[in-house]
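Worksheet for the structure shown next.
The values are calculated or read from the model by the stated rules, or taken from the named source; none is laboratory data. Keep in mind the model is a prediction, meaning the values are calculated, not measured. FYI the Cβ positions are ideal-geometry reconstructions off the backbone, even for glycines, and counts take in every protein chain you see. Surface areas here come from the heavy atoms of the whole protein model, side chains and all, with no ligands, DNA or RNA. Shrake-Rupley method; radii C 1.70, N 1.55, O 1.52, S 1.80 Å.
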Number of protein chains: 2
Amino acid sequence: MADLEHDPACADIGDELHFCRTCAFAAACLNSGYDKARLTRLHTLIEHTEILPRGARLFREGGPFSTIAAVRTGAVKTCRADAEGREQVLGFFLPGEVIGLNAIANGCYPCDGVVLEDTVLCQVSFASMADLATRMPALQARLFALLSEDIGRAGLLAGDFPARERLAAFILSLSRRYAARGGSATRLRLPMTWSDIACHLRLAPETISRQMKGFQEEGLMSVGRREVTIDDMQRLEALAGDMLRGLPA
Amino acid sequence: MADLEHDPACADIGDELHFCRTCAFAAACLNSGYDKARLTRLHTLIEHTEILPRGARLFREGGPFSTIAAVRTGAVKTCRADAEGREQVLGFFLPGEVIGLNAIANGCYPCDGVVLEDTVLCQVSFASMADLATRMPALQARLFALLSEDIGRAGLLAGDFPARERLAAFILSLSRRYAARGGSATRLRLPMTWSDIACHLRLAPETISRQMKGFQEEGLMSVGRREVTIDDMQRLEALAGDMLRGLPA
DNA sequence: CCGCCGCATTGACCTAGGTCAAGAGCGACA
DNA sequence: TGTCGCTCTTGACCTAGGTCAATGCGGCGG
C-alpha cells in the first residue's frame, strides 16, 4: 500500500476517520463549516472497493444504476459498442473523478464501465447522497457542479477539430487533470492503450501512432510506451487550448 | 397569443397561478404531494421573458451565469466559434427544454445562446432553485435528472457515425422531443437552418443538402423548406436507433 | 413589382484520415 | 529462455465528406 500512497498520480487513501485527500465529494464540504456529525454522516456513506484488476467491469450498458463512484487509485473507461461492434470510449476517469453521473437520468447505465489498471473506488449510494445533500447545501452544490462539468466534458469531442488538435487536447486535458490532483503536469503515465485513445477521439489507432510520432519529431513531447513527457507546454497549449477553452482542470 | 396556444410545437402558457403545461421544473413536483405553499414558492421564482426575436443573444461565452431558462415557445441554439471563426452548435433547445445547465460548473457560460425564432423563456435564478431544491427532494431529483440527461445528449455527437446516420439520428431526436411535448412525431417544423444543423453535426451544409435529398429519394421522409415529414418511421429508427439508444425522449 | 440577400442546391474536384497488410517490440507465462 | 499474443508502427492505397464555384430561389424592403 505504501507505493500507492507515494504515487503522485494516485489520490491518497483515507481511513475510517478521514476522507481521501482528493475526495471528490468532501472537498467542497470541509471548508463549509459543517459540524463533525454531518461530515461523519457523509463519510459513513462511502464504501471502498477491493482492488479491481484490469479488465473488470464495474457495470454494463443497461444495468441498473444505484451508486456513483469516485476513483481512488487507478483508472476506468466508460464505453459502448455500436451495432457493428466498433467501440466508442465515452470517457476516462482518473483518481478523484466521479463515474456514473450520466446514469442518473434513466436509472440505468448508458455504457459499460471497464477498469484499465488496478483500481480502488469509493462508492456511494446516489439516493443517500442526494438525501444528505438536502441537509448539506454545499454538498448539493458540489454535485450540481460535477454534473455540469461532465456536460462540458462530454461535448468536447462533438467539435470537428482535426486529428492533431483532438489528440493534443486529449493529452493536455490529462496533464491538467493529473496536475489538479497533485500529480505531474509534464510526465504522464497513460493507463489506456492507443486503441482506447483512438476510440475516444474518433480516430484509427494508426492515426494516433502517426500523430504521436509527429508531436515527438516537432519536439512537442517525448512519447514512450504508455507514457508521455510534455516538452513544450506552451506550444501544446497553443495547439489545443482553443478546444479546451472553458473547461476547468 | 392565441396562435401560440394552438401551435402543437409550443408549450402552452401558464399564468400567475398555473405552471406551463410542459414546465420542465414543475412536472416532477406536481404529483409529489407538495403543499400549495411550496408549489407557489417554486412558481414565484419563475419569470417570463418578453418575446425575443430571431438572432437575439441570451448570453455570450464567458458571460456570468446566474439563471437557467426553460423554453416556453420558440427555439434556441447554443454555439461557440473556434479560433478560425468556424461555428460549432452545441445544442438546440425546444419548448420545455432547459438552457444553461452547462454553465453551473464554472459560473460562466461556455457558449453563446442564440434565439432561432420568436421565443419566450421562463427564467429562474439557479441559486434560488437550488435552495428550494433543498426543501423539495422531488425538485432536486428533477434537476439531477436534467443535468444527467444533458451529459448523454452532449456525448451523442462524440461517436464516429457516418453523416447519414448522424443526420437521421438528429431528425429522429427532434421528432421524439416534439412528440414528448405533445407535438407531432412525423411532421416537423425546423426552427434552424441547414447550416445550423451542419455545424451541430460536424458536417458541411452541402452534405446536409445531399443527405436530405437521399432520404427523400428513398422515401424515408419528405423534405421541404424548413420542414420535414417522416414517411417511414420504422426505417428511420432502424437507421438512427443505435446512435440514440439509451436516451430518453 | 422589382431587386437584393441569404439560404439551399448541384457538380467537379481534393484531402484528411480510414483501411488493409505486413512486420516489430515487449510482456506474460510456461 | 522461448513462444504466444497483444499493442504499436509503417507504408500503400482508398473513400467519405469537405471545399470551391456556379446557380436557383424565396422572402423582404423599397
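Here r is the Cβ-Cβ distance between A:Gln234 and A:Arg54 and R0 is 25 Å; the resulting FRET efficiency, rounded to 0.05, is 0.10.
Structural descriptor for chain B: relative contact order 19 percent, calculated from alpha carbon pairs under 8 angstrom and at least 6 residues apart. As an exercise, use a Förster radius of 45 Å and the Cβ-Cβ distance of B:Asp118 and B:Glu84 to find the FRET efficiency, rounded to the nearest 0.05. With a Förster radius of 45 Å, E is 0.90.
Measuring spread by the Cα atoms of region B:179-233 yields a radius of gyration and Dmax of 11.6, 32 Å.
Any idea what log10 I(q)/I(0) is at q = 0.05, 0.07, 0.10 Å⁻¹ for the protein assembly as shown, Debye with uniform C-alpha scatterers and no solvent? Those come out to -0.19, -0.38, -0.80, one per q. In this view, the solvent-accessible surface of A:Lys213, computed with a 1.4 Å probe and all protein chains in place, comes to about 130 Å². Annotation: per residue accessible area for region A:159-244 equals 42 Å², rounded to a whole number [probe 1.4 Å, protein chains only].
What are the residues of region A:154-194 that lose 30 Å² or more of accessible area, with a 1.4 Å probe, going from their chain alone to all protein chains? Buried-area filter returns A:Ala154, A:Ala158, A:Asp160, A:Phe161.
Largest first, the three principal axis extents of the alpha carbons in chain A are 56, 40, 34 Å in whole numbers. For region A:51-133, the solvent-accessible area works out to 34 Å² per residue, with a probe of 1.4 Å and every protein chain left in place. For the peptide B:139-149, the mean number of other protein chain Cβ atoms found within 10 angstrom of a residue's Cβ is 6.
Note on A:Arg210 and B:Ala185: with the Förster distance fixed at 60 Å, the Cβ-Cβ geometry gives a FRET efficiency of about 0.85. Share of carbon and sulfur in the accessible area of chain A stands at 50%, probe radius 1.4 Å.
Rounded to the nearest angstrom and listed largest first, the equivalent-ellipsoid semi-axes of region A:42-186 from its Cα gyration tensor are 25, 19, 17. Springs join every pair of Cα atoms under 10 Å in this Gaussian network model of chain B, and among B:Asp232, B:Asp150, B:Asp118 the largest mean-square fluctuation is at B:Asp232. Fraction of C-alpha pairs exceeding 17 angstrom in region B:109-240: 67 percent, rounded to a whole number.
Using 0.36 nm per residue and subtracting the Cα-Cα separation, the extra length available between B:Thr44 and B:Cys108 on full extension is 20.6 nm.
The C-alpha atoms of chain A define a longest principal axis, and helix A:36-45 lies at about 60 degrees to it. Cα centroids of region A:216-249 and region A:94-132: 29 Å apart. Heavy atoms of chains A and B lose about 3600 Å² of accessible surface on contact, summed over both sides with a 1.4 Å probe.
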